[in-house]
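**Q** Take this structure, written in C-alpha cells, and hold onto it; I'll ask about it next.
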Amino acid sequence: MLNDRVRRCHAGPPVLGKIKEASGNISLETMLTEIDRLLAGRVIGLPADLFADVAPKVVAGWRARAAVESPSHLRTHPLPLRVTLLAALLHEWERESTDTLAELLISTVHRIGARAENKVTEQLVNAFEKVSGKENILFKLAEASIGEPEGTVRKVVYPAVSGRERTSVSGASTATKAARPSRSPNI
C-alpha cells in the first residue's frame, strides 16, 4: 500500500516541487491545477492531527525552514529532522492549499456572475434600443395615466398609443423580462 502511494507520488513532478509552486491567476485551469497539487500532497497520507500537540508557532517555524531549504540541503539532515521539516511543510501547505482553493472557487463564481450580469445588461440595452420612438410612447402613456389617474388601463392607456406602438413596447418588455437573471439566495 505504501509502495503504491510512493509510486503515485513519483508518477508526475515531485510533490515538493508542486508544494513550492505558486498558484496562478483566477481561472478554471488554475483551480484544476490547485486540486491536482492538493491531491498529490494528500497521497503522502499525513494524519490530520499529526501536530496537534505542537505549538502552531513551532510548526510554522519548521515549515518556513523547509520551504527555504533546497532539496539537496534537506537531504543532508538526519532522517528524523528531515521528516519533521517536510511533514510540517506538507501539513501547513495542505491547509493553505485548501484555503486557496476555496478562494479560487469564490473568485471564479464572482467572475462568472459578473460576466452573466454584463451579458444581461447588454441584452436589456439591445431590447430597449429596438423600439423606435419609445420615449414618445412612454411620455404619451405617462400623460394619459396622470391625466386620468382613476381610469382603467383599457379606457386611458390603450387609446393613448396605437396598436403598433403597444406591440413594440410589449415586445421590448418581454425581451427585458427574459433577459433578467433569476434571483437565487445568497450563499
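**Q** Can you give the relative contact order of region 25-148 as a percent, counting alpha carbon pairs under 8 Å and 6+ residues apart?
**A** Across region 25-148, relative contact order equals 34 percent.
**Q** State the percentage of accessible surface on region 20-94 attributable to carbon and sulfur atoms; use a 1.4 Å probe and exclude ligands, DNA and RNA.
**A** Carbon with sulfur: 64 percent of the solvent-accessible area.
**Q** Please compute, for the alpha-carbon atoms of region 39-136, the extent along each of the three principal axes and give them in descending order in Å.
**A** 85, 29, 24
**Q** Suppose all protein chains stay in the model; what accessible area per residue would a 1.4 Å probe give for region 27-118, in Å²?
**A** Counting only protein heavy atoms, the per-residue value for region 27-118 is 63 Å².
**Q** Another question, then. Which peptide among 97-103, 31-37 comes first, and what is the full order, when sorted by highest mean count of other Cβ atoms within 10 Å?
**A** Averaged packing, sorted descending, gives the order 31-37, 97-103.
The values are calculated or read from the model by the stated rules, or taken from the named source; none is laboratory data. This one's a predicted model, so the numbers in the text were calculated from it and none came from an experiment. Ideal geometry is used to build each Cβ from the backbone, glycine not excepted, and the neighbour counts take in all protein chains shown. Accessible surface areas use protein heavy atoms only, side chains included; no ligands, DNA or RNA. Shrake-Rupley method; radii C 1.70, N 1.55, O 1.52, S 1.80 Å.
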